[in-house]
């Protein structure tokens, strides 16, 4: 089994393991939590509060877990503002993809399982990085991000359960990238000193991404020049040697005009312009752009300075 697919010219890599390992994965998380390794930050807990490695009630007959990584690309977009063009990066995990959940499910059924009568269901409430590293799909970087061979950290991770029996088990201990052992680039590049030399658990309270993707004012300790993306942060990934090839594989969006840039900076605008921004930035849906306008307004204002 090659454990690799191609969907709409994007690489897909996957690994499988029996359902029985879910209990071990949950024990991993529980142990980390008991040792205080998982931040108590309310924002983070809001994201992962209901995450559990367990079978859903409606799919108790599932036999295998499929950990899957879809190649993704950061986007670059030019904002026109006061007669100057500003190139801004948007990390891959905030953008929609040509490959849908239905595309992936169909490919698993048609190209991986290849036998009729089986069920494949996506599961969203699991710790995807731990699943990916324990299944052998990827390894941790020192920056607490999962890296996949050939794709680096520029991936979107997925989890699927299936009642198909692969008769294969890739379960293993979580590992750190070999490149990380003698490298400290991400530690030096992190503008908030959130990355540790000791292990791959970062200080979430210091991570700029935590504050950059939610509404509200930035904490006073975040320097203006620490910001480097329209939303989120790419400092530790952009300069990582393990991303040397992947980071060059970017998407280029249509420029935003002076008028569209001002809509974001003012945090309001006509419906037609909001729709135009959504289409150019490819950020899911107009309602999502409306929700994000206060966030994008704050972030873009800092970047344009």
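The values are calculated or read from the model by the stated rules, or taken from the named source; none is laboratory data. Model, not experiment: these values are computed from the prediction. Here Cβ is always computed from backbone atoms with ideal geometry, including for glycine, and neighbour counts include all displayed protein chains.
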Total residues in region 200-227, condition at negative phi, surrounded by fewer than 20 Cβ atoms within 10 Å (Cβ to Cβ) and assigned to a loop (DSSP other than H, G, I, E, B): 12
Strands (runs of 3 or more DSSP E) contained in region 1-76 and holding at least 2 residues at pLDDT below 95 and closer than 16 Å to residue 121 by Cα: none
Some residue of region 281-295 being touching a strand residue (DSSP E or B) at 6+ places or on another chain (Cβ under 6 Å), assigned to a helix (DSSP H, G or I), under 16 Å from residue 75 (Cβ atoms) and in contact (Cβ under 8 Å) with a residue 40 or more places away in the chain: no
Scope region 247-258; condition in contact with a helix residue (DSSP H, G or I) (Cβ under 7 Å, 6 or more places away or on another chain) and not in a loop (DSSP other than H, G, I, E, B); matching residues: 247, 256
Among residues of region 83-96, those that are closer than 15 Å to residue 301 by Cβ and at pLDDT below 95, counted: 0
Odd one out for residue 267 among (1) more than 30 Å from residue 37 (Cβ to Cβ); (2) out of contact with any helix residue (DSSP H, G or I) (no Cβ under 7 Å at 6 or more places or on another chain); (3) exposed (fewer than 15 other Cβ atoms within 10 Å of the Cβ); (4) touching a residue at least 24 places away in the same chain (Cβ under 8 Å): (2)
Sole exception among (1) at pLDDT 90 or above; (2) over 24 Å from the mean Cα position of the chain (by Cα) for residue 244, by number: (2)
Segments classed as strands (runs of 3 or more DSSP E), wholly inside region 82-181, with at least 3 members that are within 20 Å of the chain's Cα centre (by Cα): 84-90, 155-162
Every residue from region 13-32 that is exposed (fewer than 12 other Cβ atoms within 10 Å of the Cβ) and within 22 Å of residue 194 (Cα to Cα): 31
Hits in region 13-51 - residues which are in contact with a helix residue (DSSP H, G or I) (Cβ under 7 Å, 6 or more places away or on another chain) and closer than 22 Å to residue 249 by Cβ: none
